[in-house]
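A short reminder: the numbers here are calculations on the coordinates, not readings from a lab. A quick note: this is a predicted structure, and the numbers were derived from the prediction, not measured. So basically every Cβ, Gly included, is an ideal-geometry build from the backbone, and we count neighbours across all protein chains shown.
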């Protein structure tokens, strides 16, 4: 693949606009189509980004012959469209969560086989997260001992009582395993005090490397609060803290009162732009696609986060720790 890649976006919603923005603005891609369910909304989005609107997915694939299709649909409506696309063999980049049901996740992965099937866990591509990963990989923290994830804001209402857990805290599962390693067991407490769903969760975790961890995720909070997202990882030699995904990274060595801090500089707007984490992920996705390699974050990561979510539900329902 040496020419511009032809990209089609399925979905004309809020975050789907980030898909359209990215692929219409790159020098190495052409946004050829927006496929949506609502004709007027789909047409408006397509006109804004110079693409052709479609409400018929099969017709879009037949006419446009895209090199890559990205999918950004309502969280609980991913399975049917993703399965249709998987069966065409077209390379895919889908939004999280992969699906809500483990059987559906297994079906998608089995049908996909070894074809290109990426998922957008874009938090991995935030500058503080990448710097944190580099510190950990270089041994600057020593052996990990404990890790904490906290992420909370306003509710995204859905049909599932576990929407917060599956569609939002999947980032927490992915991030903790990305930085610390595989989670071995989960012990869960879930609260449904506000609108009926389990809108706040508190988890205790064991990692395979014998570190421990906690997760606190809420739809009963506000993204306006400072540190609405915070990751803290402590090791035998040091500690790091990621603030609000893109805002800052602090690192301290054990016994040293001096703290090192990264924050985006005066001319570095891109590093503090949350949506820009998706731009960075797309860079890596397209590099892998052009090289004929598997994607940097395979859809299997979506299945893994869903497995951890279902272990959380089982723990809550049984009152017992659940091992993976």
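Is the C-alpha gyration tensor of the stretch 236-324 telling us rounded, prolate or oblate? Criteria: a/c under 1.5 is rounded; beyond that, a/b larger than b/c is prolate, otherwise oblate. Verdict is oblate for the stretch 236-324. Fully extending the segment from residue 209 to residue 41, taken as 0.36 nm per residue of separation minus the present Cα-Cα distance, adds 55.6 nm. Length available on full extension from residue 202 to residue 111: 0.36 nm per residue minus the Cα-Cα distance, which gives 29.3 nm. Working from label points 7 Å from Cα in the Cα-to-Cβ sense, the residue 80 to residue 154 distance is 2.9 nm. Legend: translational diffusion of the stretch 1-141 by Stokes-Einstein, Rh = Kirkwood radius over C-alpha pairs, 4 °C, 1.567 mPa s; D = 81 µm²/s. Between helix 127-137 and the chain there is an angle of about 60 degrees, using the helix long axis and the longest principal axis of the Cα atoms. In this structure, residue 27 and residue 318 have a Cβ-Cβ separation that, at R0 = 51 Å, corresponds to a calculated FRET efficiency of about 0.45. Available extension along the chain between residue 293 and residue 88 is 71.9 nm, counting 0.36 nm per residue and deducting the alpha carbon span. Which of rounded, prolate, oblate describes the stretch 81-198, given a ≥ b ≥ c as roots of the alpha-carbon gyration tensor eigenvalues and a/c under 1.5 marking rounded, otherwise prolate only if a/b is larger than b/c? Note, shape of the stretch 81-198 comes out oblate.
Rounded if a/c is under 1.5, else prolate if a/b is larger than b/c, else oblate: which is the stretch 152-271, with a ≥ b ≥ c the root eigenvalues of its Cα gyration tensor? Oblate, because a/c is 1.5 or more while a/b does not exceed b/c. Each Cα pair under 8 Å and six or more residues apart adds its separation to the average, and for the chain the resulting relative contact order is 17 percent. Only helices enter this figure: runs of n ≥ 4 DSSP H residues, each worth -39500 (n - 2.57), summed and divided by the residues of the chain, yield -10000 deg cm²/dmol at 222 nm to the nearest 500. Treating the angle as unsigned and between 0 and 90°, give the value, to the nearest 10°, between the Cα long axis of helix 276-291 and the longest Cα principal axis of the chain. Between helix and principal axis, roughly 60 degrees.
Note on the stretch 139-218: antiparallel DSSP beta bridges, both residues inside, total approximately 70 percent of the bridges counted.
What angle do you read, to the nearest 10 degrees and between 0 and 90, between the alpha-carbon axis of helix 16-25 and the longest principal axis of the chain? Taking the Cα atoms of the chain, the angle to 16-25 is about 70 degrees. Measuring between their Cα centroids, the stretch 105-123 and the stretch 22-74 lie 21 Å from each other. Where both bridge residues fall in the chain, DSSP classifies roughly 60% of the beta bridges as antiparallel. One entry in [x] 6, 25, 33, 25, 10, 1, 0; [y] 5, 24, 31, 21, 8, 4, 3, 2, 1, 0; [z] 5, 23, 29, 23, 14, 5, 0 is P(r) over Cα pairs in 10 Å bins from 0, in percent calculated from the shown coordinates; its label is [x].
How many angstrom lie between the C-alpha centres of the stretch 168-184 and the stretch 224-290? Using only Cα atoms to place each centre, the spacing works out to 16 Å.
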